[in-house]
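Report on the structure given below.
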Amino acid sequence: MASETYSFQAEVSRLLDIVANALYSNKEVFLRELISNSSDACDKLRYAAITQPELTQDDPDFRVNIIPTKEARTVTVQDNGIGMNRDDLVENLGTIASSGTMKFMEQLEQARQQGESNQEALNMIGQFGVGFYAAFVVADKVEVETRKAGESQGWRWTSDGRGEFSIEETEDAPARGTRVRLHLKGDQDEFLEDARIRTIVQKYSDHIALPIYLREGEDAAQINTASALWTRPKSEITEDQYNEFYHHVAHAMDDPWLRIHFKAEGKVEYTGLLFIPNQKPFDLFHPDRKHGVKLYVRRVFITENCEDLVPAYLRFLRGVVDSEDLPLNISREMLQHNPRVTKIKQTLTTRVLNELKKKANKDAEAYGEFWEDFGAVLKEGLYEDTENQDTLLELARFHSSEREGLISLEDYVANMKEGQEAIYFVTGDTKEALAKSPQLEGFRAKGIEVLLLHHPIDDFWVPAVGTYKEVPFKSVTQGAADLDKFKSDQSEQDQGEQPDETTVGTLVAFLKTALEDKVKDVRQSERLTDSACCLVADEGDMDIHLERLLRQHGQTTPQSKRILEVNPRHPLINRLAETVKGQSNQADAKEAAYLLLDQARIMEGDNPEDPSAFAKRLSDLVAKGLAA
Ligand code: ADP
Ligand code: MG
C-alpha cells in the first residue's frame, strides 16, 4: 500500500512553533520526553499482559535503547512497549486530544508576547501532553517505526514537522514496540556523543523503572538505575531525582510545592509518593480531567484513572500509589468500590491533610500561595467529606473585610467583638466586588469582621457545615443585621442626619404599598451607612447569591421575594421621606421607589427587572432634575 499524507490538525502546527521556541534553550529535554513515552508504552503493555500473557511471551524484558549513529547523524529511541497501529498514529501523533489545550495554548502565546520568562512557558507546556513534538526542536525529520503488540502489520510515520505527516506500511518496524528516529538538524551533533546522552539520561530519566541502554546488542550499556524511585530509601534519593520523577508523573516542568513520600503499614500496605504542584493545572475545574495519581500494584502500573483512590477535592495531587495487597490481575472495573482501595483513600487523605496542616503552621506565606491556587478545590471537601470536616475547617483560609491577606477561622473567632455570636460572611463573585457591597457598611462601621467568600462552592459548604467550634455562620445578606447591640467605631454625627420616627414610618409604609408585589417587606436598615438601599434575604429564604448561581447553571429556582432595606440617613431617602410626608408628587415618589429597587438589584450584580423601563425612569428623572 502506498504512503498516505495527512495534515496535522491546525493546532498541532501552531503548537510545534510554540514548543520549538519555548524549548530552545532547554532542547535536551526532547530525550526525556521520548524516554517518558517509551516508559508509558511499556507500562501499558505490562498491564495488558496480565490478562493476555501471550502479548509479551516472546520478549518479556521491557527496555529502552538509545542508539546514536554518527554517519547517518541520527539518534534513535526504541522500546518494546505497546506500539501503535495506523489509527493510533493518526490519533496520537497528529491531533491534540485534550479539549482544554486550545485555550491553554492561547494563554501560552499571550505569555510569550508579554515577554514572560522561558521557564514559565516551559512549565505550561508540560501540562498539555505534547512531549513528542519536542523532537522537532533538534530534528528536521522524524521517523516512527512501530508495531502494536499482538498485531502483525508494522507502520512508518514520517514528518518534517511542517504541517504534514505521512504513514505507510513497513517491514522494518521492530517486532514489537516503537522506534523513533531523529534526523538531527545541522547544529545538533552534540546529541550523537555518548557522554552527552549519558548525562541527559542521568539528569532526567534515572528514576525510570525500566533499564535504559546506550546502543543495542553486544555493546549495549545500561545507563540508569532502573529501580522504581518510590521503592528506594528516602536517604538515597536526591532532591533532583525527586523533581525529575515529579516532572515525569505529573507531566509538569515546575518543581513541586510539596512532596510526601511514605510507606503505609498496617491494614493496607502501600507506598505513596505524592506531590502538590507549584502551579495550578489549567484543567483543574475541567469535568473530564484525569486523576493525577497513578496506581501500581507491586511495581506494575495499573491505571492513572482510578477515581476511588483520591477524593475529588484532592485532585491536584500528582504521583504514585503502589499497593502491596491488591491482586495484580485486578481490572479497572474491579477497582470501583474495592474496600482496600477505599482504605487507601482514607489513610492517604489523612496523611495529605496532616502535611498541609504542618506546612500551614510552618510557613503561612507559602501556604497562602497554595491556598490561592487550590483552596477553592479543597473547600469542596467541606461539603463532601464530613469525616475530615474539622481538619478542613482548620485548613481553610479567607479574605476578610477588616484585614489584608488571608485569615483562618481561628483568627476570625479570636477577633470577634464582645457579644458577637456569629461568624459573619458574604458570598459573591469576586472579593473586590464583595469588599464594596453595601451590606457590609454597618459591620464595617462597628468594626465587625466579615468573611468575603468568592468561590461558587462557598454557597454550598457554608450551609452544610453550619458552625465552626459551635459558632454559627451567618450571612450578612440574610435576616436582620442585629447591629444595634454593638458599639459604633464612628461617632453618630458622622452618619448624617436621621429624620424623625414618624417620617421614616410613613416612608416605609409608602414603599411597602408601592412595591407590594415586588418585595417581601421594606424596613429601615441597620446595616447601611453610606448607601441608600440594599436587598436582603429573609431569615430562612435562599441566599441571594446562591439563587443567582443556580439560575446561571440553568436551574429553575423560583425567585424568592427579597426585603428592601433603606437607609434614612442617606440624602436621597431623606428627600423621598419628605416628599411622601408632604403628600406632594406621589407619582414621582412611586417612580423613585422603582428606581431604588432596581438600584439595589444592580448592586447585587443582578439586572433591573425591566431594563428599558429602568432606563426610561432614570432619564425622566434626570431630565426633570436638570430642568428644575
Ligand atoms: P503524552 O505522553 O503526554 O500523552 P506525547 O506528545 O508525549 O504526549 O505523546 C502523545 C501520544 O503518542 C502518547 O499519549 C502515546 O499514546 C503515543 N506515543 C508516543 N510515543 C509512544 C511510544 N514510544 N509508544 C507508544 N505510544 C507512543
Ligand atoms: Mg509524553
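The values are calculated or read from the model by the stated rules, or taken from the named source; none is laboratory data. Just so we're clear, the structure is a prediction, and the values are computed from it rather than from any experiment. Positions of Cβ are backbone-derived with ideal geometry, glycine not excepted, and every protein chain shown enters the neighbour counts.
For segment 31-49, name all the residues that are more than 10 Å from ligand 2 (Cβ to nearest atom) and touching a Gly at 6+ places or on another chain (Cβ under 9 Å). Walk me through how you get there before you give the answer.
Applying the first criterion (more than 10 Å from ligand 2 (Cβ to nearest atom)) to segment 31-49 yields 31, 42-49.
The answer is Cys42, Asp43, Lys44, Leu45, Arg46, Ala48.
Among the residues of segment 199-240, which ones are surrounded by fewer than 18 Cβ atoms within 10 Å (Cβ to Cβ), part of a helix (DSSP H, G or I) and out of contact with any strand residue (DSSP E or B) (no Cβ under 8 Å at 6 or more places or on another chain)?
Within segment 199-240, Thr199, Gln202, Lys203, Gly217, Glu218, Asp219, Ser235, Glu236, Glu239, Asp240 meet the criteria.
Taking segment 496-505, which residues are surrounded by 16 or more Cβ atoms within 10 Å (Cβ to Cβ) and either closer than 17 Å to Cys534 by Cα or modelled with pLDDT of 90 or more (or both)?
Val504
Every residue, every condition in (1) over 28 Å from the mean Cα position of the chain (by Cα); (2) part of a loop (DSSP other than H, G, I, E, B); (3) within 23 Å of Glu304 (Cβ to Cβ), yes or no:
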| site | (1), (2), (3) |
| --- | --- |
| Thr5 | yes, no, no |
| Ile18 | no, no, no |
| Glu54 | yes, no, no |
| Gln57 | yes, yes, no |
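So which of Leu451, Leu406 ends up being surrounded by 14 or more Cβ atoms within 10 Å (Cβ to Cβ) and touching a Leu at 6+ places or on another chain (Cβ under 9 Å)?
Numbers: Leu406 fails: touching a Leu at 6+ places or on another chain (Cβ under 9 Å).
None of the others qualify; the one that does is Leu451.
Got a number for residues in segment 243-262 being modelled with pLDDT under 85 and in a helix (DSSP H, G or I)?
Of the residues in segment 243-262, 0 are modelled with pLDDT under 85 and in a helix (DSSP H, G or I).
Can you pull out the helices (runs of 4 or more DSSP H) entirely within segment 430-541 that have at least 1 residues that are aliphatic (A, V, I, L, M) and touching a Pro at 6+ places or on another chain (Cβ under 8 Å)?
Working: elements: 431-435, 441-445, 458-465, 501-514.
Output list reads 501-514.
Report the residue count in segment 566-605 for those that are closer than 22 Å to Ser437 by Cβ and without any contact (Cβ under 8 Å) to a residue 60 or more places away in the chain.
6
Quick one: would you say Asp283 is in a loop (DSSP other than H, G, I, E, B) and touching a helix residue (DSSP H, G or I) at 6+ places or on another chain (Cβ under 9 Å)? Step through it out loud before you land on a result.
On the way: in a loop (DSSP other than H, G, I, E, B): yes; touching a helix residue (DSSP H, G or I) at 6+ places or on another chain (Cβ under 9 Å): yes.
Yes: the conditions hold for Asp283.
Answer yes or no as to whether Ala464 is surrounded by fewer than 16 Cβ atoms within 10 Å (Cβ to Cβ), over 29 Å from Glu418 (Cβ atoms) and either at pLDDT 90 or above or not β-branched (Val, Ile, Thr) (or both). Walk me through how you get there before you give the answer.
On the way: surrounded by fewer than 16 Cβ atoms within 10 Å (Cβ to Cβ): yes; over 29 Å from Glu418 (Cβ atoms): yes; either at pLDDT 90 or above or not β-branched (Val, Ile, Thr) (or both): yes.
When the stated conditions are applied, Ala464 passes them.
Among the listed residues Ala600, Ala589, identify the single one that is at pLDDT below 90, under 17 Å from Val522 (Cα atoms) and of a type in the set (A, V, I, L, M, F, W, C).
Working: Ala600 fails: at pLDDT below 90.
Going through Ala600, Ala589 in turn, just one is at pLDDT below 90, under 17 Å from Val522 (Cα atoms) and of a type in the set (A, V, I, L, M, F, W, C): Ala589.
Is there a residue being within 20 Å of Thr146 (Cβ to Cβ), touching a Pro at 6+ places or on another chain (Cβ under 8 Å), away from ligand 1 (no atom under 15 Å from the Cβ) and modelled with pLDDT of 95 or more anywhere in segment 71-87?
Yes - at least one qualifying residue is present in segment 71-87.
Identify, from the list Val142, Val130, the residue that is within 16 Å of ligand 1 (Cβ to nearest atom), at pLDDT below 90 and over 30 Å from Pro53 (Cβ atoms).
Working: Val142 fails: at pLDDT below 90.
Residue meeting the stated conditions: Val130.
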